[in-house]
Amino acid sequence: METNPIPILTIQTTPFDDQRPGTNGLRKKTAVFESKKNYLQNYVQSLLSSIDLRDRQGCTMVVGSDGRYFSRAATEVIVQMAAANGIGRLVIGHNGILSTPAVSCIIRKIKAIGGIILTASHSPGGPGGDFGIKFNVANGGPSPDTVMERIHQVSRTLEEYAICPDLHIDLSRLGRHDFDLENKFKPFRVEIVDSVEIYLNMLRGIFDFGAIKSLLTGPKQLKIRIDAMNGVMGPYVRKILCDELGAPANSAVNCVPLEDFGGQHPNPNPAFAASLVDSMKGGEFGFGAAFDADGDRYMIIGENGFFVSPSDSLAVMAANLSCIPYFSQRGIRGFARSMPTSTAIDRVAKAMKVALYETPTGWRFFGNLMDSGRCSFCGEESFGTGSDHIRDKDGLWSVLVWLSILAVRKQGVEEIVRDHWAKMGRNYFCRFDYEGVDSRAAYYLMRDLEAVITDKAFTTQKFSVGNNIYSVEKADNFEYIDPVDGSVSRKQGLRIIFTDSSRIIFRLSGSGAGTGATIRIYAESYERDPERHNRETQVVLGPLIAIALKISNIHERTGCRGPNVIT
Ligand code: VG1
Ligand code: CO
């Protein structure tokens, strides 16, 4: 216990008009948080003020980061401001490190009121990179729109914030630390916890660790290669996959969290995890995976570099959940996917006779479905899958799902995926990202395109490209009514659905750091015939992409010659 009580100060400030959280938290260039006076403090105060005073007094919150540059300094500010704002206890990961799924797990386990995660997810870090603040609420999931709106409203008129600048903590010292604050009866408590332990304990109750261990160590040992991309997942991969499940230490690469992720994009897709894809092509490994910086996204690569698209991964997992004790014991209540995610899982839902929910992009929309027992398993095309074990997407959990399936089915990744296509048909899928587009150009493009596709004439439109003819069946701006609370989310993406069930979708990204807009175009088409499951995705989807480019005029209107990234 400190001897002199620590003073609480009130500091005058002026509001910022750009502190509206996006798809998942507030993201800006690191320099904005680091160098704009009070930018971080204002946002943290807005976030804390958004919690009702009665709930806030004496409550517990979780704090973690993906280890990116500026996280330590920001964690200290959050501790000082949480103390000054009446939070009773903070649980923080060792050295500030916690993955997004670990934060979700800990919030639920200790019944915290919420958690703050310092991360810009899959975006680069460092002084020239991005920084971000996610806020997960009491169910463990990303804040719903109502909470984000409240934070934004507070931030617009904020005039002061409360802070204890003399309160200093050592993030490397595990255990409890109590601090006496001026005018407070109860000490403020900080608990530094092991970054992995609580999360690992949860996984032990979900999977058959014995079966995975035999797969990774037995006589017919499956050789794996796991790339933590220099993000938060290093300690998790080492402790869980190597120490606990027996994978050799050299199966895990890039496992030391670096402040700038080694200058790389910590984004697990074939473009940015190219070195993993390359090493898988060598044929030495039977299973490969990579994670994003905060550990909620993952990518699966099979033997010889076979890429499993996230939408396929979602569908294959859904069809094989009985390989996991958690699901074989509890049964499956329903599935959910975000709107742009391919409809492959819809076919699985139909075959299994379970409900399928289609939500807008962003994990927060799955929360109510899971809390109300409607949904057990869900995912997004952006390399995220999860279940009701927590309320966020979970990269390592997804990898363990795959390993469990491999252990039970005794087949390889490619064999399992091809078998799935043979049974259910294949949904070819791809996404084009146009980044750094002028925000106004992006806005007008979407506005004009909406007018075109929602015009009555469009519903009878036919497009012929080469030998293909596509007839529009339905086109709209996607709208979601939450079946639990009845809330309506409008304008969630432009959808064009054709009579052969192919789809083209356009939406604006909501997760950028504010340097221009990103337009995403998603294309999907279904192929039942197993003879035609071996085609190149870009070739199959070429005609749909051509239609998308034509009706949006995207190249002319944005000055882009093509997408920055194709996945
Ligand atoms: C992107 C993805 C979305 C994901 C979100 C957060 O959003 O498309 O599926 O939920 O990032 O991911 P947007 O609005 O840019 O398309 V993470 O790993 O930051 O939590
Ligand atoms: Co992420």
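Observations, loosely collected:
- Magnitude of the charge dipole, the chain, Cβ model with Lys/Arg +1 and Asp/Glu -1, debye to 20: 960
- Carbon plus sulfur fraction of accessible area for the chain, probe 1.4 Å, in percent: 48
- Positive end of the dipole of the stretch 365-493 (Cβ unit charges, origin at the Cα centre): among Ile405, Ser382, Met446, the Cα lying farthest that way belongs to Ile405.
- In this simple spin-label model, placing a label point 7 Å from the Cα along the Cα-to-Cβ direction at both Ser328 and Phe185 gives a separation of 5.3 nm.
- Antiparallel %, DSSP beta bridges [both residues in the chain], to 5: 70
- Extension reserve of the Asp178-Ser471 stretch, reckoned as 0.36 nm per residue once the Cα distance is removed: 98.8 nm
- For the stretch 202-308, the relative contact order comes to 28 percent (Cα pairs under 8 Å, sequence separation of at least 6).
- Nearest-0.05 FRET efficiency for Gln221 and Ile481, computed from C-beta distance (R0 35 Å): 0.10
- Ignoring lysines fewer than eight residues from Lys239 along the same chain, the ones with Cα atoms less than 29 angstrom from its Cα are Lys109, Lys111, Lys134, Lys213, Lys220, Lys223, Lys281, Lys393, Lys410.
- Rounded to the nearest 0.05, the FRET efficiency derived from the C-beta distance between Glu531 and Arg490 at R0 = 51 Å is 0.75.
- Assuming charge only on the beta carbon of Lys and Arg (+1) and of Asp and Glu (-1), the dipole of the stretch 1-108 about its Cα centre is about 220 debye to the nearest 20.
- Summing charges over neighbours of Leu174, with a neighbour being any other residue whose Cβ is under 13 Å away from its Cβ, gives -2 when K and R count +1 and D and E count -1.
- Length-normalised contact order of the stretch 159-231 in % [C-alpha pairs under 8 Å, at least 6 apart]: 17
- The convex hull drawn around the Cα atoms of the chain, when projected onto a plane and averaged over every direction, covers 25.3 nm².
- Pairwise centroid distance, computed over Cα atoms, of the stretch 226-266 with the stretch 501-556, Å: 32
- Glu380 - accessible surface, heavy atoms, 1.4 Å probe, Å² rounded to 10: 10
- Accessible surface area normalised per residue over the stretch 419-502 is 52 Å², counting heavy atoms of protein chains with a 1.4 Å rolling probe.
- Counted charge near Glu149, where neighbours are those whose Cβ lies closer than 13 Å (Asp, Glu -1; Lys, Arg +1): +3
- Extended-chain gain in nm, criterion 0.36 nm per residue less alpha-carbon gap, Lys456 and Lys213: 81.7 nm
- Probing with 1.4 Å while keeping every protein chain in the model, the per residue accessible area of the stretch 1-159 equals 35 Å².
- Here is how the number arises for the chain: DSSP H runs of 4 or more residues each give -39500 (n - 2.57), the sum is divided by the residue count, and the result at 222 nm is -9000 deg cm²/dmol.
- Based on C-alpha pairs under 8 angstrom that are at least 6 apart in sequence, the chain has a relative contact order of 14 percent.
The values are calculated or read from the model by the stated rules, or taken from the named source; none is laboratory data. Just so it is clear, the model here is predicted, and its values are computed rather than measured. Ideal geometry is used to build each Cβ from the backbone, glycine not excepted, and the neighbour counts take in all protein chains shown. Protein only, heavy atoms only, side chains kept; ligands, DNA and RNA dropped before computing areas. Shrake-Rupley method; radii C 1.70, N 1.55, O 1.52, S 1.80 Å.
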